[in-house]
Amino acid sequence: MKQKRLDPKFIDVIPSDLKDGKLYISVRYRTAVHLCACGCGNKVVTPIRPAQWKLIFDGDSVSLWPSIGNWQFPCRSHYWIKNGSIQWAEHWTEDQVSAGLERDARNIHQYYENRKIQFPGNPPIGKSRKARGLVARIWAWFVGL
């Protein structure tokens, strides 16, 4: 059965038994997970990262941007999650899917290329992670490096 909305459930660790109509959000792991809104039962994982999905919580409901395109599932569902409501999007052709995946890969690559900044305390290239200072390790975790 198609879902009309997903209610947020903030948790530490994603449960193995997911319920329809719930959007499980782990801030700790920067991930949102739900069962496909089409009702097929497939688990949809959206990594909350600056170059991938953005999550907006208004105190009551959640929005995810960009759209959810389940191209790898047989259902090939495509929808938006806006203020907890499922808004169905148009079906994409194989050419549109390929172009979208290429664009996403370019955006991710460009984001991390632009993030090659030196934070005070960052070790020179080649220095082991263990040798990094605590502040530099926290900064690297925070920005996803």
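Between Asn42 and Ile108, what FRET efficiency follows from the Cβ-Cβ distance if R0 is 22 Å, with the result rounded to 0.05?
Details: r = 23 Å, r/R0 = 1.04.
Efficiency computed from Cβ-Cβ geometry: 0.45.
Roughly speaking, what is the stretch gain from Lys82 to Asp12, that is 0.36 nm per residue apart minus the C-alpha to C-alpha distance, in nm to one decimal? Could the numbers behind the result be given before it?
Details: separation 70, 0.36 × 70 = 25.20 nm, distance 2.28 nm.
Using 0.36 nm per residue and subtracting the Cα-Cα distance, I get 22.9 nm.
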Phi angles of the stretch 60-69, converted by Karplus (6.51 cos²θ - 1.76 cosθ + 1.60, θ = phi - 60°) into ³J(HN,Hα) in whole Hz with x for Gly and Pro, give 9, 10, 10, 10, 10, 9, x, 5, 9, x
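So between Arg5 and Asp60, what do we pick up on full extension, going 0.36 nm a residue minus the alpha carbon distance? Mind showing how you got there, number by number?
Values: separation 55, 0.36 × 55 = 19.80 nm, distance 1.27 nm.
Extra length available between Arg5 and Asp60 comes to 18.5 nm.
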Using alpha-carbon coordinates alone, the radius of gyration and Dmax of the stretch 1-49 in Å work out to 10.2, 31
Averaging 1/r across every pair of distinct alpha carbons in the stretch 46-92 and inverting yields a Kirkwood hydrodynamic radius, in angstrom, of 11.3
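Every read-out reported here was derived from the displayed coordinates using simple, explicitly stated rules and does not represent laboratory data. Small disclaimer: the values here were computed from a predicted structure and weren't measured. Methodologically, a virtual Cβ is constructed for each residue, glycine included, from the backbone with ideal geometry; neighbour enumeration extends over all protein chains shown.
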